Amino acid sequence: DAMVIQNPRYQVTQFGKPVTLSCSQTLNHNVMYWYQQKSSQAPKLLFHYYDKDFNNEADTPDNFQSRRPNTSFCFLDIRSPGLGDAAMYLCATSREGGLAGGIGELFFGEGSRLTVL
Amino acid sequence: GQQLNQSPQSMFIQEGEDVSMNCTSSSIFNTWLWYKQDPGEGPVLLIALYKAGELTSNGRLTAQFGITRKDSFLNISASIPSDVGIYFCAGQTTDSWGKLQFGAGTQVVVTP
């Protein structure tokens, strides 16, 4: 059974029209991440939540926002999508600590592919 | 920025052959993870490594955490068609809690 569920799997939007992508998890992990992945590239971290604490990457555009109303859900809001924002958006979770006291293992959802027309 | 160098960038192999790829870093890592990503899907964790020198297997997959803590390799033995995909290494440095750094990926193509 899927443990990190992303919706929708495919999203088509128009230039400048706001988009919200959702992520839910059944793992009860306290850390949730949003990554952006463009074609043939590695995932790029946008931000992550450690419990309710929001941690933004320095190079994440202001156009990208996130909300985490509870442990299970996290949302990615793209306020005014541009053509350059077309990508796969990956949600991931991890449990604090892990075996080495670090982030432990990251579990990814299947991704939401965003197309901007 | 990305600190991991993953090679090779792509591999074209025949079914039954073994595959080897590696990642190196200029920084010391305390965690190495290997993921496989199929087209249009999210990365799936294959193997996690937490100790220098650790050698871990998962079926036909074997990965090792380098003694220097700056490298890791992944081997796939007796490749099969479903091994096709992109393999990513990812690691966490001692001063970047909560942030995985990813290699650029190795594209594996298996021909019958």
log10 of Debye I(q)/I(0), alpha-carbon scatterers only, for the protein assembly as shown at 0.12, 0.14, 0.16 Å⁻¹: -0.65, -0.88, -1.12
Once you list every other residue whose beta carbon is under 14 Å from the beta carbon of A:Val116, what net charge do they have if Lys and Arg are +1 and Asp and Glu are -1? +3
The set of residues whose placed amide H lies less than 5 Å from the amide H of B:Glu54, leaving out same-chain residues fewer than 5 positions away, is B:Phe65
Using the crude model of +1 on Lys and Arg Cβ and -1 on Asp and Glu Cβ, and no other charge, please compute the dipole size for chain B relative to its Cα centre, in debye to 20. 360
Tell me the trypsin sites (Lys or Arg not before Pro) within segment A:18-92 that lie in a loop according to DSSP and have at most 15 other beta-carbon atoms within 10 Å. A:Lys38, A:Lys52, A:Arg79
Below 12 angstrom from the Cβ of A:Ala86, what's the summed charge of the other residues (Lys, Arg +1; Asp, Glu -1)? +1
Would you mind ranking A:Glu105, B:Glu54 so that the residue whose beta carbon has the fewest other beta carbons within 10 Å leads the list? B:Glu54, A:Glu105
Charge tally in the Cβ shell below 14 Å around B:Trp34, where Lys, Arg are +1 and Asp, Glu are -1, B:Trp34 excluded: -2
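Values in this text are rule-based calculations from the coordinates and carry no lab data. Given the structure is predicted, the values throughout are model-derived calculations rather than measurements. Here Cβ is always computed from backbone atoms with ideal geometry, including for glycine, and neighbour counts include all displayed protein chains.
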